[in-house]
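The values are calculated or read from the model by the stated rules, or taken from the named source; none is laboratory data. These figures come from a predicted structure and were not determined experimentally. Please note: Cβ atoms are built from the backbone with ideal geometry, for glycine as well, and neighbour counts cover all protein chains shown.
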Amino acid sequence: MEHAAGTVLAWYHDAGVDEVLLDAPLDRFAASTKPPALPVSPARRADISAAPPSVSATPNVPVTAEPSDQAAQRIAGSATDLAMLREHLAAFEGCPLKHTAKNLVFGDGDPDANVMFIGEAPGADEDREGRPFVGVSGQLLDRMMASIGLDRESAYITNILPWRPPGNREPTPAEVAACLPFIKRHIELVAPKVLVLVGGTSAKTLLGRKEGIMRLRGRWLSYQPSESAEPIPSLATFHPAFLLRSPGQKANAWHDLLMISQKLINIC
Ligand code: URA
């Protein structure tokens, strides 16, 4: 019996099922089902944040019946520094991923850095630790950055989504749209001179382009923070998770890294 249970668990694990969300099945078709209170772990402090999140930290951000995209813009826009943005994000109810994630993954590195790397979404390791890019692909990203003299003391790192999609699935367009005002404000507050868009989701979302990463990478494009703001030179490159699967593309990634290095020398 024990052996059979172990086999089933191994099968689930191999299939990518690594989260148990509820203790008992939930009949979502039942008419009057009130969502059960899901256990939500306390969000861990991201390296750059000063204080743990608290809803009471956002007294001027009332929860109203306004459309959720407007609410997200208003809440994100009202943050005047990164610690406040983190608190507002922790209190934000517009993205259901918050309830399946263990931790909010806000950002890491130097908030005054000239260069900001933006990935897709946390994976299991990041979700556990509450820091972006700490798993296997994060270790490769660290080595890529180190190859041009960058590290978490001289660069800032975050993601389009601050919560892990269950099972590491691709984020849905609705999840990306819900969190977009927060990453936009995050960029405004860090105000980097150069953006590195790590992977297709980051590049397409922030550049507003439909092409895939193969077409977008390896050339300087512009991220436009707002109509009146100066565009930020932005370079899309391969996601390290992709490079781990396709090491033949590392030469192209190296080309991208050299472009980033040269740009930083030229403009900083
Ligand atoms: N992949 C990402 O895009 N971001 C992380 O933080 C980790 C893996």
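Pull up segment 249-268, narrow it to residues that are surrounded by fewer than 17 Cβ atoms within 10 Å (Cβ to Cβ) and among the small types (Gly, Ala, Ser), then point me to the one that is nearest to GLY208 (Cα to Cα).
Per the stated criteria, the residue is SER261.
Could you check ALA253 against (1) within 16 Å of the ligand (Cβ to nearest atom); (2) in a strand (DSSP E or B) and say which number it fails?
Single failed check for ALA253: (2).
Count, please, the residues in segment 233-248 that happen to be buried (at least 16 other Cβ atoms within 10 Å of the Cβ) and either part of a helix (DSSP H, G or I) or at pLDDT below 95 (or both).
4
Give all pairs with beta carbons closer than 7 Å in which a residue from segment 114-127 that is among the β-branched types (Val, Ile, Thr) meets a residue that is near the ligand (Cβ under 6 Å from one of its atoms); count only pairs at least 6 apart in sequence or on separate chains.
Every condition considered, the pairs that remain are ILE118/ASN159.
So which residues in segment 224-249 are over 17 Å from GLY200 (Cβ atoms) and more than 21 Å from the chain's Cα centre (by Cα)?
Residues satisfying the conditions are GLU227, SER228, ALA229, GLU230, PRO231, PRO247, GLY248.
Is one or more of the residues making up segment 163-173 of a type outside the set (Val, Ile, Thr), at pLDDT 95 or above and buried (at least 23 other Cβ atoms within 10 Å of the Cβ)?
Checking segment 163-173: at least one residue is of a type outside the set (Val, Ile, Thr), at pLDDT 95 or above and buried (at least 23 other Cβ atoms within 10 Å of the Cβ).
Answer with yes or no whether THR64 is away from the ligand (no atom under 12 Å from the Cβ), modelled with pLDDT under 95 and either over 23 Å from PRO233 (Cβ atoms) or assigned to a helix (DSSP H, G or I) (or both).
When the stated conditions are applied, THR64 passes them.
Go through (1) more than 21 Å from GLY200 (Cβ to Cβ); (2) without any contact (Cβ under 8 Å) to a residue 40 or more places away in the chain; (3) more than 13 Å from the chain's Cα centre (by Cα) and name the single condition GLY135 misses.
It fails just one condition, (1).
Can you name the residue in segment 193-223 that is under 19 Å from the mean Cα position of the chain (by Cα) and assigned to a loop (DSSP other than H, G, I, E, B) and is also farthest from ILE267 (Cα to Cα) among such residues?
Filtering segment 193-223 for residues that are under 19 Å from the mean Cα position of the chain (by Cα) and assigned to a loop (DSSP other than H, G, I, E, B), the one farthest from ILE267 (Cα to Cα) comes out as GLY212.
Quick check on my filter: what residues within segment 208-224 are away from the ligand (no atom under 16 Å from the Cβ), in contact (Cβ under 8 Å) with a residue 24 or more places away in the chain and buried (at least 17 other Cβ atoms within 10 Å of the Cβ)?
Result: TYR223, single match.
May I ask you to verify whether SER202 is of a type in the set (Ser, Thr, Tyr) and in contact (Cβ under 8 Å) with a residue 60 or more places away in the chain?
The answer is yes for SER202.
Looking only at segment 76-103, which residues are part of a loop (DSSP other than H, G, I, E, B) and under 23 Å from GLU66 (Cβ atoms)?
Of everything in segment 76-103, those that are part of a loop (DSSP other than H, G, I, E, B) and under 23 Å from GLU66 (Cβ atoms) turn out to be SER78, ALA79, THR80, PHE92, GLU93, GLY94, CYS95, PRO96.
Restricting to segment 173-196, count the residues that are under 21 Å from ALA241 (Cβ atoms) and within 15 Å of the ligand (Cβ to nearest atom).
Adding up the residues that qualify gives 6.
For segment 62-103, give me each residue that is of a type in the set (Ser, Thr, Tyr) and closer than 18 Å to ALA174 by Cα.
Scanning segment 62-103 gives SER68, THR100.
Which numbered condition trips up LYS263, out of (1) among the basic types (Lys, Arg); (2) part of a loop (DSSP other than H, G, I, E, B); (3) under 23 Å from ALA146 (Cα atoms)?
For LYS263, the failing item is (2).
Filter segment 104-160 down to residues that are polar (S, T, N, Q) and more than 9 Å from the ligand (Cβ to nearest atom) and give me whichever is farthest from LYS263 (Cα to Cα).
My answer is GLN139.
On the given criteria, is ALA155 closer than 25 Å to CYS95 by Cα and more than 14 Å from the chain's Cα centre (by Cα)?
So ALA155 does not fit the description; no.
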